[in-house]
Each structure stands twice: as structure tokens, then as C-alpha cells.
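Structure first, then comments.
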Amino acid sequence: MTIGVLALQGDFAAHLEALARERITGVDVRYAVQLREVDGLIIPGGESTTLLNLISERRLEAPLRDFHARGGALFGTCAGAILLSRTVTHPAQPSFDLIDIDVERNGYGRQKESFETEEVVEAFGEAPVPMIFIRAPRIRRIGPGVEVLASSGGEPVMVRQGLVLAGTFHPELGGDGRPHRYFAAMAAGGVLAPS
């Protein structure tokens with residue numbers, strides 16, 4: 001079991017550290033050929049427009065879609081969730097349409113409106129999960145095949161559709177390994193028991 005982290009821009013190093021703390025093998029991914037070596041791929045937070053440009057420069061969009069079509073699991077956090085969504089607003093930009101959600105960029109406001117909270121994620125057990133929102137997107141629409149795993153303030157903040165997981169917060173910064181363990185279990189095709 002190996003989890004890749006797209007290492008083009010953003011806080012990919014923090015995801016690799018979070019995986020290492022959970023004793024999950026993590027590798028940075030910068031080229032299409034590396035997708036053959038991983039079972040799941042995390043697309044980290046960062047700046048979504050910059051990430052799109054770098055993915056285009058590296059000609060990674062088609063390989064990412066092929067990876068998913070072959071059964072590879074994807075986990076988008078913050079900007080990564082924006083890239084995986086169906087529709088993006090504020091402003092509009094292209095996305096991969098791999099999970100049936102619509103998101104609004106910087107939905108809570110600018111950097112000064114960033115915040116931290118804790119919420120229970122039933123799939124992870126009863127203990128609340130720390131959630132750090134930094135210039136975070138908001139999920140504005142959820143399609144019928146999308147499961148809401150976590151909400152904050154009455155709004156969905158972590159959702160799943162098949163082998164695609166999307167969170168609008170930064171799980172790699174919260175010090176709680178359960179989001180990464182859950183994703184690794186998804187990538188392995190297993191069911192994660194609450195801990």
C-alpha cells in the first residue's frame with residue numbers, strides 16, 4: 001500500500017509527514033509515470049489556479065483521470081477538493097469533475113477569516129476531528145451519489161463519492177491521523193473501523 005501526494009505546489013510535505021506518522025508509505029508524485037506506483041493520490045491544499053497550471057505544464061490531467069478510471073483513489077484537500085469538483089465559482093475555473101459537488105473558492109473570505117474548529121466524523125469514531133480552514137472553499141451543492149462524512153456550521157466539509165474523497169479543510173495540519181488512515185483504507189479497498 002503506497003499513497004502518493006501530488007508534489008507540485010502547496011503543503012504536500014505536511015501530508016507526507018502525516019502519512020509517515022501513521023506508518024503509511026507515502027511518496028511525492030511529480031510525473032505521470034509515478035502514478036503507476038501508488039494506490040491512492042492526495043491532491044493537497046495550495047492555490048488551485050497555480051495547481052491547474054502546473055498540472056497542465058506537466059501534462060498530468062489525462063494521467064490523473066486514467067489513474068482514477070483504473071480504480072485509483074483520490075483525496076482532495078482544500079484546493080485539491082476544488083480541482084476534483086464538478087463546478088467551481090468565485091471566480092469560475094476549470095475542474096476535473098470527478099466528484100459531483102459544486103464549490104465556491106475562498107468561500108469563507110480572505111486569509112484573516114481562516115479558522116479552526118472540531119467536528120465529529122462518524123466514520124472516524126466519536127472523538128472530534130480538528131479542522132483547520134485556510135482560505136477554504138465552501139461546498140455549495142452535493143449530487144445524489146455523494147455521501148457527507150462531516151459538516152461544520154451546518155455545511156458539508158468532507159464528502160465522498162466512490163473512490164473520491166474531498167475535504168475543504170487541512171487534515172494534514174490537525175495532528176489527527178484518522179483522515180489519512182481512512183483514505184488509505186479506501187485506497188486499499190477496505191472498510192475502516194471507527195477508532
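The values are calculated or read from the model by the stated rules, or taken from the named source; none is laboratory data. Please read these numbers as outputs of a predicted model, since none were measured by experiment. Every residue, glycine as well, gets a Cβ built from its backbone with ideal geometry; the counts of neighbours run over all protein chains shown.
For segment 49-102, name all the residues that are among the aliphatic types (A, V, I, L, M) and within 16 Å of ALA7 (Cβ to Cβ).
LEU51, LEU52, LEU54, ILE55, LEU60, LEU64, LEU74, ALA79, LEU83
With respect to LEU6, is the statement that it is in contact with a helix residue (DSSP H, G or I) (Cβ under 8 Å, 6 or more places away or on another chain), of a type outside the set (Ser, Thr, Tyr) and closer than 20 Å to ALA188 by Cα true?
When the stated conditions are applied, LEU6 passes them.
Going by the structure shown, is PHE183 among the aromatic types (Phe, Trp, Tyr), under 14 Å from the mean Cα position of the chain (by Cα), crowded, with 24+ Cβ neighbours inside 10 Å and not in a strand (DSSP E or B)?
In short, yes.
Any residue that is assigned to a helix (DSSP H, G or I), farther than 22 Å from MET1 by Cβ and either at pLDDT below 95 or not β-branched (Val, Ile, Thr) (or both) - is there at least one of those in segment 186-194?
no
Out of the residues in segment 19-59 meeting the condition of being surrounded by fewer than 17 Cβ atoms within 10 Å (Cβ to Cβ) and small (Gly, Ala, Ser), tell me which one is farthest from ILE132 (Cα to Cα).
ALA32
Need the failing condition index for GLY174 against (1) within 20 Å of GLU118 (Cβ to Cβ); (2) modelled with pLDDT under 95; (3) surrounded by fewer than 17 Cβ atoms within 10 Å (Cβ to Cβ), just the number.
Exception for GLY174: condition (3).
Taking segment 16-58 as the search range and keeping residues that are of a type in the set (Gly, Ala, Ser) and part of a strand (DSSP E or B), which one is farthest from ALA92 (Cα to Cα)?
GLY26
Sort out which residues of segment 14-30 are touching a residue at least 12 places away in the same chain (Cβ under 8 Å) and either of a type in the set (D, E, K, R) or out of contact with any helix residue (DSSP H, G or I) (no Cβ under 9 Å at 6 or more places or on another chain) (or both), and write them in order of number.
GLU17, ARG21, GLU22, ASP28, ARG30, listed by residue number.
Do the conditions hold for GLU126, that is, is it touching a residue at least 60 places away in the same chain (Cβ under 8 Å), of a type in the set (Asp, Glu) and closer than 22 Å to SER152 by Cβ?
Criteria met by GLU126.
Considering PHE124, PHE169, which residue is closer than 23 Å to LEU19 by Cα, within 15 Å of the chain's Cα centre (by Cα), crowded, with 16+ Cβ neighbours inside 10 Å and not small (Gly, Ala, Ser)?
Selected residue: PHE169, the only one of PHE124, PHE169 that is closer than 23 Å to LEU19 by Cα, within 15 Å of the chain's Cα centre (by Cα), crowded, with 16+ Cβ neighbours inside 10 Å and not small (Gly, Ala, Ser).
Do we find that VAL146 is among the hydrophobic types (A, V, I, L, M, F, W, C), within 14 Å of the chain's Cα centre (by Cα), closer than 18 Å to THR87 by Cβ and surrounded by 16 or more Cβ atoms within 10 Å (Cβ to Cβ) in this structure?
No; evaluated as a whole, the condition is false for this residue.
Looking at (1) in a strand (DSSP E or B); (2) among the small types (Gly, Ala, Ser); (3) crowded, with 20+ Cβ neighbours inside 10 Å, find the lone condition where SER151 falls short.
Among (1) in a strand (DSSP E or B); (2) among the small types (Gly, Ala, Ser); (3) crowded, with 20+ Cβ neighbours inside 10 Å, SER151 violates only (3).
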